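K.L.:
Dumping the structure here so I can ask a few things about it.
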Amino acid sequence: SSPAQPMAAERGAAEALLKMRSDMDQNFGVAKMWLVTADGFARNGSYAAAAGYIQAGLREHPENADLWSALGLVLMLASDGEITPPAKLAFDKARKLAPNLPAPDYFEGLAALFERKPDVTIVKWRSLLERASPQAKWRPAVESQLAGLESLLAGTPQPTVDNQNP
């Protein structure tokens with residue numbers, strides 16, 4: 001009887017989301033000291049440890065939007081992609097401290113997609129791209145995800161494989 005371990009696919013998804021959040025961080029100073037360790041915990045599925053570590057950082061730096069955003073993501077990961085009230089609070093605090101920080105809108109849009117609300121996702125991600133710098137490191141990934149989602153919703157036919165003819 002040991003605690004369940006995250007599946008490899010879940011670890012891969014968490015890794016991708018942590019990378020996206022890191023690419024969206026705006027403060028390259030104090031937050032990194034806390035986030036490197038917290039991200040390590042999160043990569044291993046230890047979301048409670050990651051959240052605790054980020055909260056320790058927030059006790060020292062309560063006005064750091066990147067830490068608040070990271071806390072929102074870790075809480076979201078711990079809830080299988082759901083924006084719980086504590087995650088919402090963390091994202092709202094990050095947004096209040098840094099209105100142009102992209103992570104809160106990106107992850108709230110992603111959570112809306114998980115909730116089968118793609119229209120909310122599209123609105124959030126389009127707004128995010130409208131205010132983003134053309135050089136934003138994360139921009140190509142969001143553009144690609146948005147285009148894929150819009151294509152899927154538009155019913156664009158996907159290539160099919162003809163199993164009848166080799």
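Derivation of every value follows stated rules applied to the coordinates shown; laboratory data play no part. Small disclaimer: the values here were computed from a predicted structure and weren't measured. Neighbour counts are summed over all protein chains in view; Cβ atoms, including those assigned to glycine, are modelled from backbone coordinates with ideal geometry.
K.L.:
Give, rounded to the nearest 20 debye, the magnitude of the charge dipole that the range 16-153 has about its Cα centre when Lys and Arg contribute +1 at Cβ and Asp and Glu contribute -1 at Cβ.
P.N.:
The calculated dipole for the range 16-153 is roughly 120 debye.
K.L.:
Using a Förster distance of 25 angstrom, determine the FRET efficiency expected from the C-beta separation of A154 and A13, and round it to 0.05.
P.N.:
The formula returns an efficiency of 0.50 here.
K.L.:
Dividing the convex hull volume of the alpha carbon atoms of the range 55-166 by its residue count, what do you get in Å³ per residue?
P.N.:
150
K.L.:
Oh, and also: Beta carbons within 10 angstrom, averaged per residue: use that to sort the peptides 39-50, 65-76, 143-154, highest first.
P.N.:
Numbers: 39-50: 18.7, 65-76: 28.1, 143-154: 12.8.
Order by mean packing, descending: 65-76, 39-50, 143-154.
K.L.:
So which of K88/K137; K96/K124; K117/K137 end up more than 23 Å apart by C-alpha?
P.N.:
Where the Cα-Cα span goes over 23 Å, the pairs concerned are K88/K137; K117/K137.
K.L.:
If each residue of separation counts as 0.36 nm, what is the full-extension length gain between L89 and N44 once their alpha-carbon separation is subtracted?
P.N.:
13.8 nm
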